[in-house]
1. So, with a 1.4 angstrom probe, what is the percent of accessible area on the stretch 121-193 that is carbon and sulfur?
2. Any idea how far apart LYS109 and ALA90 come out in nm if each label point goes 7 Å out from Cα toward Cβ?
3. Any idea what the alpha-carbon Rg over 2.2 N^0.38 Å comes to for the stretch 48-105?
4. Given R₀ = 25 Å, FRET efficiency for LYS169-ILE149 by Cβ-Cβ distance, to 0.05?
5. Note down, for the stretch 42-198, the three equivalent ellipsoid semi-axes (square root of 5 times each alpha carbon gyration tensor eigenvalue), biggest first, whole angstrom.
6. Is there a quick way to get the dipole size of the stretch 49-167? I mean about its Cα centre, with the Cβ of Lys and Arg at +1 and of Asp and Glu at -1; what is the value in debye to the nearest 20?
7. Leaving out ligands and nucleic acids, and using a 1.4 Å probe, what accessible area per residue does the stretch 100-198 come to in Å²?
8. Please give, to one decimal in nm, the separation of the simple spin-label points placed at GLU181 and SER119, each 7 Å out from Cα toward the Cβ.
Amino acid sequence: MRGRLSVVALGLAAAILLSGCSSNDKLAADYGSGGGTDYTNDSGLPVLVKPADRQKQLDFSSKTIDGMPFSLKGYRGQVVVVNFWYASCAPCRAEAPILEGLYEKYQDKGVTFVGVNISDQADAALSFEKTYGVTYPSVLDVDSGAARIAFSGAVAASAVPTTFVLDAKGRIAARIVGELESASILNTLISDTAAEAK
């Protein structure tokens, strides 16, 4: 019975994502409330979107923390993992080694990782990356908000950390709101999405 309830909950969450209406998204609303913090401590089930139900291709352009140009459209044909974070977010710190480990596993397998820092300037973001050994690129989104605009409707802006898996066409294939407590779920989402193109 509990398994059936989980499947139903997952299906409902996917339907909410597909509606594109963040105001009715319980996950986004819960995380957006913050409980007195600017981040979420919670971890939820992933929201999955079947290939036939995926909607718009996402794109944004920005600069990485070290000043290099970045365009999401430039990674069409690859699975892209997008993680929203900022330096003083405790769950972001906790999940950083998990993301880096998966990046190292998949970097030569047609999978790209990019972080989206929503509130820091370059110095704080670079310090975070050095402290936690993050080697994949992140973009600064605090001034332009370009990444948050591109993902609007998929998650509340304050729901950090949030991790998305985009398919090879640049569409949302999966979303996890909250801290990644282990690599297993995201690893499965990445490998399943990558296998779709084969």
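1. 55 percent
2. Result: 3.3 nm between the two label points.
3. 1.37
4. Calculated value: 0.80.
5. Over the Cα atoms of the stretch 42-198, the semi-axes work out to 22, 17, 15 Å.
6. Here the size comes out at about 380 debye.
7. 41 Å²
8. Placing both labels 7 Å beyond Cα along the Cβ direction yields 2.4 nm.
The values are calculated or read from the model by the stated rules, or taken from the named source; none is laboratory data. From a predicted model like this one, the values you see are computed outputs, not experimental measurements. In this analysis, Cβ positions are derived from the backbone assuming ideal geometry, glycine residues included, and neighbour counts consider all displayed protein chains. What goes into the accessible areas is simple: the full protein's heavy atoms, side chains included, and nothing from ligands, DNA or RNA. Shrake-Rupley method; radii C 1.70, N 1.55, O 1.52, S 1.80 Å.
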